[in-house]
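No value in this document is a laboratory result; all are computed from the given coordinates. Just so you know, these numbers come straight off a predicted model, no measurement behind them. Ideal geometry is used to build each Cβ from the backbone, glycine not excepted, and the neighbour counts take in all protein chains shown.
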Amino acid sequence: MAARPTTPASPKNVKINSPTPGMPLFGCEHVQLLLSNNPDVINNSIQYYKMLLRVIFDGNPLVPQTCKGLDGAITTSLTSNYLCLQCSAIVPEEERTKHGNKKSHRFYVDSRSGSLFCQVCEDFVWDPTLDDLRIRKMGTGSFSSRKRKHEEMFSDAVKDPLKDDPRYISSNTTIASCRADGLRGIYNAGATCYQNVVLQSFLHNPLLRNFYLSDGHQSSDCQVPHCLSCAMDDMFQDFYALENTNGYTAANILSGFWISEKKAFENLVTTKEQDAHEFFQFLAEELHERNGDGKKPETGSEHSCNCIIHQTFYGKLQSQTTCQHCGGVTNAIESFLDLSLGLENLSQKRGKKASKSAASLTLQECLDEEYIKSDKCEYRCRNCNSSQQARRDHSIKLLPNVLSIQLKRFEFKQGSRDRVASKISTKVQFPLQLNMLPYTTRGRTADARESQELRRSCTYDLLSVVEHVGEIDTGHYVTYSRVGDQWFSFNDHRVELAKKSDVLGSQAYLLFYIIRSLA
Amino acid sequence: MASSNTGKAGVIRAPEGAGKMDQLAHAVLDDLLYNIVHDLLMQTHREEKIARASTAAIRVEKLAADTSDSSAPDARPDVKVETDAAIYDEGKVLLKGNPLATTKDIVCPRCHLPRLLYPTDGKGAKKPDPSIIYCKKHPYIDKPGYDIYGQTWVAQGPGRGKKKKDMEKKLEQNSDSQTPGPEGGTGGGGAASRPPNMLSFPSATCSKCKRCILVTRLNNHMGSCIGNSGRNASRAAAQKISNGNNANGNADGTPPSSQKGTPRPSSRAGSPHKKRDSDEIEDDDDTDNDSHKKKKLKPTPANAANKKLILKHKNASGNKKEKVKTSSSLSVEQKVDDDDAEGSTVEVAPKKRITKVPSPAKKLKLGASKPLLSSPMSKSNGKTSAPSGGGDDDRESESSGTLSSPPVV
């Protein structure tokens, strides 16, 4: 029998969710019986469920996966075991019924997902109160409702009326049509697919969407002429409030872009594709200026601002320089909008080692190269008062909510006469789920790497991929974005369903990962 | 577990007589497959069961509201009712049995209309019940060549990248495919050959000069209109001048001022349309052989909204062309012309007069098939040529009117 902590959790009073219209109060009649008992039973059941969730999600997964079989042999299985909600038994699936009949225990918790199984229904039960706890635990690692639920971020836009007073919300908001789900294409206004892909990735970013749909920047109140943030506001309204399914004409964005064109791109030719990454930077900075403290973000400095763009995209990078002579350490911290990962060196190295055909990289290898390995540099040490060899380590001090990664596919090569832009089409494999802990400053210590809690807080899910297809001059940009669990491909005004394999097989240029739990 | 030669799913089996490690490896892989399927199933199960449970709840709540028949619809009625799937008891909804068994369909939690459960087209499609009003959120369509709403688009030709050349070709195609608009009524084939859910390119207004520009040209336009591209502008001007020779009747310069203005009464709009009609006929004659191409783009008469879009679109493309071809000196003249339309003469006007002659006849012939043509406004038959265009039409007629108004007045 596996050792399981039996200490009861803090005897706080737990409540059953209050009834909400359109949702039954309990997952099934049997849960209803359990949770309509006297307060003590209710309290104990919920506390015990929470404890089981802690065992499943915080502890070592070996514990819930191990059980004692019929013959007394202890087995650890890869597939789900069932943790009895009414006693401390852990049984494999085959013996669930037997245990239930013997002890007349009705409820079990799946050892891999924490879901509740009702023996009487012979089915999994999604009780609003208990499942809420599970989702919260799974998403944020805590039961506190202060933190955002993992699911809420991806559920339908304006769906849930807030619990405090639903009527207040409904009388002061307009409910968008069920058809308006934000899935529309954007017309190509003549070589503007580099803008469209970035706009689509913004449109399906839950943080930006919530900001704009909750009147974070009201275009009716804004006095700035040709304000790009107003144009964004209008665009979000058009995508999430109108029933239109045809493409969107991003005329205001385009004119806003042209009006402030000099800042962003030096030699802009209308008929030529531009770099989507540059447009991303341009748009982020522009929106920061409209919504933030008005200061221009300086490169190489630690810039803190609580505008929506900073809250969404900006993280902090620490570079630690260690003098090889005296061992003195200097830390420099700077804000970053995105992580740019070089491909060329790595793919060349790889090319030498292995045969050239097998030259495919993984995103983690690229991250390792930049944020785990250290490099050497010349450095003027204050202690030694002379120029010394130094070791430089980069790590991420503060992870952003939406991590944007650029894979440097376009590079200028020093040709014989002038610099020639070229594209590196090395395949880079990237995961749907990314753990950033090893690249953080905190993740440097071994025990931090062991912590499930910390691990979970550094887990990112893939949100959008911007792909560049074709050659450097004649190429085209396409976005893949996830809405809920469904992926869509946005190719200018065409929106189509996409398979995960399409997404993962794409030649990514920009990657947007969103943090799983908002702390 | 290592004793058996497979895992829980029983799909991956080690061969008979395989070594212990071999068996273990097979068992592990088999278990992992089992877990993947298990997780996927759980996710779908959860979505489906919650949706059905909430459907049961919505139904019983509605029943409760109907039974209580109170004047305040928002208040929770203090009644106890039940359906096959749920019980309503003073504001609380309790399930009866497993919603997966008791409730067969899903109701939208927002609009309370039934959800369409299958896509209407493409993969896994089923015909929806026409007697039911469904929630507007439909399952997405998975069909090659169509988007998630079952819309298709104007083919862009091979290759994903679009170059300037391609774009111009397409534009041309668009503009001459749309000029013979009235003919669509007589042909009748236009509606059939062009699917009603075809997406076409709309126009947008430039925020600076307020001109209506076809969206595919918008970036280009803004670059020269807003952007500082003086070099571009001069290059464009040079191009215009060189193009000026082969610019025939189509190349009537459109003074921007007329487009900015609100539509004016149609009294002046009579003549210009004759000119336009004549152009159309010319086009028809010239390009009969690629009429199939045109038909593809022809607006369906049934779909007025669609038509409007396209007409607008035509204006835009037409104007744009004109703009490109107009040298700056010409446009100045035309501005004057616009202010004082009656007295002015324009160089291109004579050409108009010649080509205009056959137009009324053709127009009338066409008119038979077009219901709106028989309107009492036959005096200004130009107006009838574009019945659904609304304000845009007036604008267009006005703009072309600046050139050809003298003959009629």
> Label B:E47 and A:S220 with points 7 Å out from Cα along Cα→Cβ: what is the distance between them in nm?
Replying inline: 3.6 nm
> At A:C326 and A:D502, where each label point lies 7 Å from the Cα along Cα→Cβ, what is the point-to-point distance in nanometres?
Replying inline: 6.0 nm
> Do the alpha carbons of any pairs in A:K373/A:K408; A:K423/B:K143; A:K500/B:K137; A:K316/A:K376; A:K98/A:K137 sit beyond 26 Å of each other, and which pairs?
Replying inline: A:K423/B:K143; A:K98/A:K137
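How big is the charge dipole of segment A:29-147 about its Cα centre, in debye rounded to the nearest 20, if each Lys and Arg gets +1 on its Cβ and each Asp and Glu gets -1 on its Cβ?
420 debye
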>> Counting pairwise Cα distances across segment B:20-102, what percent come out greater than 18 angstrom?
In response: 58 percent
> Roughly what would the spin-label model give for B:A125 and A:E453, points 7 Å off Cα along C-beta, in nm?
Replying inline: 5.4 nm
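First measure r as the distance between the Cβ atoms of A:L62 and B:L33, then evaluate 1/(1 + (r/R0)^6) with R0 = 30 Å and state the FRET efficiency to the nearest 0.05. Before the final figure, lay out each step's value.
On the way: r = 21 Å, r/R0 = 0.70.
It comes out at approximately 0.90.
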>> Students often check this: by mean Cβ neighbours within 10 Å, which of B:13-26, B:123-136 ranks highest, and how do the rest follow?
In response: B:13-26, B:123-136
